[in-house]
Amino acid sequence: MEQRPASDTSETERRRRGRPVSVSTDERREKIFEAAESVFLEVGFAAANMDDIARRAGMSKRTVYELFGNKQALFDELLDLSRVGLPTSLDDTDAPDEELVDYLTKLTQHIMSPKQIAIQRVVFAEHMRDPERSQNLFSEAEKRGRGILSRWVARQVKEGRLAVFDPGEAADMLFGMTVGTIHFKKLLLGRDEALSSDELRQRIAQAVAIFLKGAGP
């Protein structure tokens, strides 16, 4: 086999090294989103700007705008992805009480994670700055979570296990008893009770038992 001259080989290598690395649109979006997430969590929505996001992503501001449109679109996607992992159903089973405890435990573990708390604090700060605009930031997640609990309560009322006038209000009370207090302490006061998974489940199970007894027929 004919050997390529060393000079030709070196030139080929130089050309190969000089070629720009091809990056797919999905990869660009992922890099920009990761940069945006870090900026939002560090400085909040209001103080974040597209220049900082583009710089941290190592891309031009034009590319950021082409792929996401604006800062609000980036933040909306952050919120959408923050909902990934939320329990999405509360099915009828032979042990509905256990199913309810499982659901509330998974929900609490998700919303109490450090990253979720950081995102919620950004949203809370934005709410204080612009309550009307921020009202819709968590509307979908709130509607979904409240709807799941409300439908569960309504099924129990239909089956004669509970006697409540408004399943939605009862669901709010149940959420407050099981999740609300410890979530409030960590979100706004920075107080983490550092419960183990077993301790958290036990606490939720006790609150569920009190709720079911109080709301029983």
Worksheet item: buried (at least 17 other Cβ atoms within 10 Å of the Cβ) and under 20 Å from VAL123 (Cβ atoms), is that true of ALA35?
Response: yes
Discussion item. Looking only at residues that are of a type in the set (S, T, N, Q) and surrounded by fewer than 17 Cβ atoms within 10 Å (Cβ to Cβ) in segment 94-126, which one is modelled with the lowest pLDDT?
Written reply: SER113
Discussion item. Can you confirm whether LEU67 is modelled with pLDDT under 80 and in a helix (DSSP H, G or I)?
Written reply: no
Discussion item. Residues to consider are LEU100, LEU107; find the one that is part of a helix (DSSP H, G or I) and under 12 Å from the mean Cα position of the chain (by Cα).
Written reply: LEU107
Fill in: Verdict on THR88 being in contact (Cβ under 8 Å) with a residue 40 or more places away in the chain, touching a Lys or Arg at 6+ places or on another chain (Cβ under 8 Å) and outside any loop (DSSP other than H, G, I, E, B)
no
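Each row is one residue, and each column tells you yes or no for (1) of a type outside the set (Lys, Arg); (2) modelled with pLDDT of 75 or more; (3) over 30 Å from VAL157 (Cβ atoms); (4) exposed (fewer than 14 other Cβ atoms within 10 Å of the Cβ).
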| residue | (1), (2), (3), (4) |
| --- | --- |
| LYS31 | no, yes, yes, no |
| LYS71 | no, yes, yes, no |
| LEU81 | yes, yes, yes, yes |
| ASP92 | yes, no, no, yes |
Fill in: Residue match in segment 34-48 (condition: at pLDDT 90 or above, outside any loop (DSSP other than H, G, I, E, B) and of a type in the set (Asp, Glu))
no
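Residue by residue, here is whether (1) of a type in the set (D, E, K, R); (2) at pLDDT below 90; (3) not in a helix (DSSP H, G or I) holds:
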residue	(1), (2), (3)
TRP152	no, yes, no
GLN156	no, yes, no
GLY160	no, yes, yes
ALA170	no, no, no
PHE175	no, yes, no
ILE182	no, yes, no
ARG201	yes, no, no
ALA205	no, no, no
ALA209	no, no, no
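The values are calculated or read from the model by the stated rules, or taken from the named source; none is laboratory data. Every value quoted in this text rests on a predicted model; they were computed, and no experiment measured them. Cβ atoms come from the backbone with ideal geometry, glycine included; neighbour counts cover every protein chain shown.
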